[in-house]
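Worksheet: one structure, shown below.
The values are calculated or read from the model by the stated rules, or taken from the named source; none is laboratory data. Nothing here was measured: the structure is a model prediction, and the numbers come from that model. As a convention, Cβ positions derive from the backbone with ideal geometry for all residues, glycine included, and neighbour counts pool all protein chains shown.
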């Protein structure tokens, strides 16, 4: 995951930072950090690098609009990622400079002058270094899942990830549902990585957690995994948690990872009223997930669902939503009508209209089963939940 100006705003030194300009460009990627406490010279222009994030007291330009423009021209020309000003010599930017930075996607932050440069640089560089390590680890995880490694290289890769992994392993995959869960998930990741037998990292759109143990009994793995699930749920009750099967051999870690990701992304029936989805509860989704990325899965989904979605778009009808609720209500016309606040005959008409549009000759059971599978394929394709 790339480090951006937004990432910097999560650091302790920047928690009270004000965004003076360029709020629409906080996704600019930060590659390194530099200090700019004097006017940009020709030599500075030569050594400036794309992705530089600058810290400055701005004393040299505080009273000169022309100097400000020259400075920001250089930042923009060298594709700097942003600038953080200290509030000692300047408290705000002129409106014309704010507009100039907004138009040129140049974020400008301001923090207290009481924060030393050394502290800010340390925090930013640690973030950049950690991201680099995370990228390497993500590649190792992807190589495991890719299925191209033999057993020897699987074991070597796992030991590079965590040399203290034990002989059995389970995986959890956490997908945050709200932005305010990110801080709690960072705490959870740090907690896992402080323990000798576990590991966690950001992977794709969520947090991957690996839990190793010596499986002394069939229940041992389940008990340990449930302990971690309880801990995660208490800190992030809204996050989706996918859980692999228990007691996988260490060499089967790739299967455990894939299972946890599939459960988190496609599970619909959480246990005990929580957003916890176990791979073993996925039913037919386990088979469909094996086809993820295959054209046949997408073609099947489009053939069934696209004609209904297109009809709804043209006519303003609600056939697709009706079918979703109808299947959720176990094909109960009365329950579906109650859920949608319409007459039962309206539901019957809509279901028959879907059959008519699809020109199906299947029995009612086969038709509903086909539509249900198409919806499941759609969830896999879109990663919808």
For this session: Evaluate region 364-374: report whether one residue or more is surrounded by fewer than 14 Cβ atoms within 10 Å (Cβ to Cβ), more than 22 Å from residue 287 (Cβ to Cβ) and without any contact (Cβ under 8 Å) to a residue 40 or more places away in the chain.
Result: yes
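For region 100-109, indicate whether the set of residues that are assigned to a strand (DSSP E or B) and in the same structural domain as residue 53 (by TED's automatic domain parsing) is non-empty. Full working, then the answer.
First pass over region 100-109, keeping only residues assigned to a strand (DSSP E or B): 108-109.
This time we only want the ones that are in the same structural domain as residue 53 (by TED's automatic domain parsing), so: 108-109.
Yes: region 100-109 contains one or more residues that are assigned to a strand (DSSP E or B) and in the same structural domain as residue 53 (by TED's automatic domain parsing).
Looking at the structure I just gave you, is residue 13 under 26 Å from the mean Cα position of the chain (by Cα), under 16 Å from residue 113 (Cβ atoms) and surrounded by 13 or more Cβ atoms within 10 Å (Cβ to Cβ)?
On the way: under 26 Å from the mean Cα position of the chain (by Cα): yes; under 16 Å from residue 113 (Cβ atoms): yes; surrounded by 13 or more Cβ atoms within 10 Å (Cβ to Cβ): yes.
Answer is yes for this residue.
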Problem set entry | Residue list for region 211-223, restricted to those being within 27 Å of the chain's Cα centre (by Cα) and surrounded by fewer than 20 Cβ atoms within 10 Å (Cβ to Cβ) | 222
For this session: Count, please, the residues in region 75-90 that happen to be within 32 Å of the chain's Cα centre (by Cα) and part of a loop (DSSP other than H, G, I, E, B).
Result: 4
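Return the residue satisfying two criteria in turn: it lies in region 304-320 and is touching a helix residue (DSSP H, G or I) at 6+ places or on another chain (Cβ under 8 Å) and free of Cβ contacts under 8 Å to residues at least 12 places away in the same chain, and of such residues it is nearest to residue 376 (Cα to Cα).
Step one: filter region 304-320 for residues touching a helix residue (DSSP H, G or I) at 6+ places or on another chain (Cβ under 8 Å), giving 304-305, 307-309, 311-312, 317-320.
Filter once more, so that each one left must be free of Cβ contacts under 8 Å to residues at least 12 places away in the same chain: 309, 312.
Working: 309: 16, 312: 20 Å.
Selected residue: 309.
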Problem set entry | Counted residues, region 266-287 - those being at pLDDT below 85 and buried (at least 21 other Cβ atoms within 10 Å of the Cβ) | 4
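May I ask you to say which residue of 200, 215, 222 is assigned to a loop (DSSP other than H, G, I, E, B) and either modelled with pLDDT of 90 or more or over 15 Å from residue 261 (Cα atoms) (or both)? Please lay out each step first, then the result.
Values: 200 fails: assigned to a loop (DSSP other than H, G, I, E, B); 222 fails: assigned to a loop (DSSP other than H, G, I, E, B).
The conditions single out 215.
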Problem set entry | Flag for residue 94 being assigned by TED's automatic domain parsing to the domain that holds residue 15, at pLDDT 90 or above and out of contact with any strand residue (DSSP E or B) (no Cβ under 9 Å at 6 or more places or on another chain) | yes
For this session: Give the residue that is nearest to residue 57 (Cα to Cα), with candidates limited to residues of region 3-47 that are part of a loop (DSSP other than H, G, I, E, B), in contact with a helix residue (DSSP H, G or I) (Cβ under 7 Å, 6 or more places away or on another chain) and modelled with pLDDT under 85.
Result: 38
Exercise. From the set of residues in region 91-122 that are surrounded by 14 or more Cβ atoms within 10 Å (Cβ to Cβ) and farther than 18 Å from residue 19 by Cβ, which is farthest from the chain's Cα centre (by Cα)?
Worked result: 117
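Mind checking whether some residue in region 329-351 is within 21 Å of residue 300 (Cα to Cα) and over 33 Å from the mean Cα position of the chain (by Cα)? Give the steps one after another, and end with the answer.
Narrowing region 329-351 to residues within 21 Å of residue 300 (Cα to Cα): 351.
When the remaining residues are screened for being over 33 Å from the mean Cα position of the chain (by Cα), the result is 351.
Yes, region 329-351 has at least one match.
Kindly indicate whether any position in region 168-191 is within 16 Å of residue 137 (Cα to Cα) and either out of contact with any strand residue (DSSP E or B) (no Cβ under 9 Å at 6 or more places or on another chain) or outside any helix (DSSP H, G or I) (or both). Lay out the reasoning, then the answer.
First, the residues of region 168-191 that are within 16 Å of residue 137 (Cα to Cα): 171, 173, 189-190.
Okay, now just the ones that are also either out of contact with any strand residue (DSSP E or B) (no Cβ under 9 Å at 6 or more places or on another chain) or outside any helix (DSSP H, G or I) (or both), so 171, 173.
Within region 168-191 (the criterion being within 16 Å of residue 137 (Cα to Cα) and either out of contact with any strand residue (DSSP E or B) (no Cβ under 9 Å at 6 or more places or on another chain) or outside any helix (DSSP H, G or I) (or both)), the answer is yes, since at least one residue qualifies.
Go through region 152-170 and count every residue that is surrounded by 14 or more Cβ atoms within 10 Å (Cβ to Cβ) and within 12 Å of residue 251 (Cβ to Cβ).
Count: 7.
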